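Please treat every number below as a calculation from the coordinates, not as lab data. As the structure is a computational prediction, the values presented were derived from the model and not from experiment. Heads up, the Cβs are rebuilt from the backbone with ideal geometry, glycines too, and the neighbour counts pull from every protein chain shown.
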Amino acid sequence: MVASGNTRFSKNALAATALNRRRMLALGGLTAGAGALAACGSNTGRGDGDGVNLSQWYHQYGEAGTQQAAEKYAAAYEDANVTINWVPGDYDTALSSGLLAGEGEAPDVFESHLNRSMVESGQVVALDDLYEGVLDDFTEGDLARNTIDGKLYGIRMIDDPQFLYYRPSLLEAKGVEPPTTFEDLMAGSAELTTGDVKGLFLGNDDSATKLFQPIVFSAGQTLLTEDNQIGFDKDAVIAGALQVKELHESGSLLIGAPTEAWDPTSIIQELCAIQWCGLWAMPQIIEAHGEDVAIIPFPGFGGGTPTVFNGGWSTFVNAKSPHVEEAKAFTKWLWIDHEEFIQDWCLSYGFHIPPRLSMRESAEALADGPAAEAVRISEEYGWAENPNWTPTMETAVDDMMTNIVLEGNDPEAEFDNAVGTIQTELDSIFG
Amino acid sequence: MAVSAEPAAPEAGTGGPAPRPPRSGRWRTTLAFWYFVGPFLAGLMIFTFIPVLWSAYLSFFEARNTVTPAAEDYVGFDNYVRMFQDDAFRDSLVTFTVFAAFVVPLTFASSLGLALMLNRVRLARAFFRSVFFLPFACSYVVASLVWKMSIFNGVRYGMANSILDLFGLEDVPWLFDPSPPWYWLVIVTLRLWIQCGFYMILFIAALQQIPEQLYEAAYVDGAKPGRQTFWHITLPQLRFSAVAVLMLILIAAYQAFDEFINLIGNQAYARPPLVYLYYTSLGTQQDLGLGSAGALILALIIAIVTLAQGKILGFGKTEER
């Protein structure tokens, strides 16, 4: 903070503040890294027994009991002392800094989402050998999202489809059918909007940006083709973006809710009739509204199919760990071999779909009601991340959506601009 | 007449020689010098100069997910070119400029206004001063959460929307709808609330140094208290403090990060350069080479603007006698 205690107006004081400024900028990586590390030190108090010490990192799951469960699994492992680092707040930043840190502070095993740069900078090791005998038990999407250049780097832990929750009673009262097209969704949301309740909640800061991928996948297109070219076209994207703009201007969207859309508070507190959220929140929503809960995939754009984003988490082994082999052995033990732990992790706290096809059939919690529907639509309409789609590319399309939808900028120019950024990024990676 | 707020005390840490030591004890002086300067210098080296130089080094490399890029990743000025061609970065500079255009004059005027008022208050003076100064002790993160979740949330029970309700007006999504750009109201009021008190104290200190005789002389000459004495006595006498305050406000505005990232996050319409660079080099993007190039460009712009402002406003000039 520049002003604190700086009541002298000498040139020196000014120079010092200017340096503060530069320090803040330039030091970003180092100080933030140190701060993040300092802030997220937590452990189970274990780690001084015999043998190897491993550090396993999780982001903070919202569901009660998850941290204890992670610690329970770690404690049950006998071949190494596994310490859990449960990271609240901005996990991606903490993890990025953690992976740059030295021995003792870096994770050995961590959950994340695969990105090509993790492989190119040698942060993760290939885990193909851990998949032996169970490769067929994973969905194609879960394998693809963990594959770079033919090698598997991550093991899927949980699948978290995201879709729309709605209250059937509210729709019936207004005579609205569950929407299957984006036009229906707009009309329905307008119909459901009253003074106190908005029709639809998609998110506060991402209500425009998060619809880019549904537009693309609804049109049967993709982000990047097999040979890493841009996989979507101008007409589909612009038509979809303009519809999203229309939705935003209709006044039937809830914007500025106290929590973001990954949290079910808005539909629970009846701030909206329909909300975008994930499978993880289903137990909470059902607890609040009982039988009066149903789900639909995100309606299709322009006559296309509905879509479901299959989110979730995968686990990785840090290539710079001094104990790569031990870390791989632990990963195989927990996320491949120990099926009752995988089942417990997926179904005992929030709801997640087990990544293993064989476990889905036996999962009672997912056998009927909205949960069964979630499994069905995730398999029928789901798409997964592409590890070659970098955060820079995502920022480019996010900005395009924001600029078209919220700022009313020229769609063509925005599209060309985003595509230009993506192409530059593709050239710098594959060129 | 010396009425500027410039203090005479030497800078802490330079350890000006105390009583002249005997010649044989000169090493003591040297030791004392390093004793005082050493820790400061070490901190400056470790936290400022080395990172700045490292950042400059990184900016010439394709450095993703690493702060120690390999020699073959040298890319020359590519990162600078990419940053200059990057619309999002240029937009962030525009966002910042708009922010400064709002917040600098507003903070200046409100803190001067507060200071003038408090300077005349006779009753419960200390109380009022503390009340206006207290917000300065609040962190931007805490204030952002209060502003975002209690005062300016977009639902019916947010404080601002409850007030609108009383007048039968529609709820406003304050932060997440850029047309009309209500988010500026949220951002600017937050910063005003936090920092006005501090600059107010600076102005009060300066006001108290204006000799009473000047006002008496003016009164004798027939100047009316109020506007006339303000323009012709108070303001000219405040000149040196005012210039310094203006500069501090501008530099503080350049540091805008906390409230933007906590209130709005990574949105194209309200993303100052620091937030953009934060996402470029930290977060998941981890493009440290590109981020460093952006950081250096920004540092350069800040240096130029600050120097230019100092030149134009005559910052640090000693008073003509």
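Work out which GluC sites (Glu not before Pro) in chain A are exposed loop sites (DSSP not H, G, I, E or B, at most 11 other Cβ within 10 Å) and give the longest gap free of them. Within chain A, the longest run free of exposed GluC sites (Glu not before Pro) spans A:292-431. The distance from the alpha carbon centre of region A:404-428 to that of region A:316-389 is 35 Å, rounded to a whole number. Free of any chymotrypsin sites (Phe, Trp or Tyr not before Pro) that DSSP assigns to a loop and that have at most 12 other C-beta atoms within 10 Å, the longest stretch within chain B is B:168-321. Region B:129-151 and region A:206-222 have Cα centres spaced 38 Å apart.
Membrane-span-like helices of chain B, defined as complete DSSP H segments with a Cα extent of 24 Å or more along the helix axis and a mean Kyte hydropathy of at least 0.0, are identified as B:26-44, B:87-120, B:183-208, B:288-313. If you sort the three axes of the alpha carbon gyration tensor as a ≥ b ≥ c, you get a/c of 1.5 or more for chain B and a/b no higher than b/c, which makes it oblate.
For a straight C-alpha distance cut-off of 16 angstrom, the lysines reachable from A:LYS198 (same-chain residues fewer than eight places away being disregarded) are A:LYS174. Summarising the amide proton neighbourhood of A:CYS272: residues at separation of 5 or more, or on other chains, whose placed amide H is nearer than 5 Å comprise A:LYS198.
Other protein chain C-beta atoms within 10 Å of residue C-beta, averaged over B:172-182: 5.
Using Cβ point charges alone (K and R +1, D and E -1), the dipole size of region A:67-180 about the Cα centre works out to roughly 560 debye.
Counting Cβ atoms of other protein chains within 10 Å of each Cβ in A:254-265 and taking the mean gives 4. Bridge orientation summary for the protein assembly as shown: considering DSSP beta bridges with both residues in this region, about 60 percent are antiparallel. Each of the GluC sites (Glu not before Pro) that DSSP puts in a loop and that has at most 10 other Cβ atoms within 10 Å breaks chain B; the longest unbroken stretch is B:1-169.
Mean separation of Cα pairs under 8 Å and 6 or more residues apart, divided by the residue count, gives region B:77-313 a relative contact order of 29 percent. Where only DSSP H runs of four or more residues are counted, chain B gives -18500 deg cm²/dmol as its mean residue ellipticity at 222 nm, each run worth -39500 (n - 2.57).
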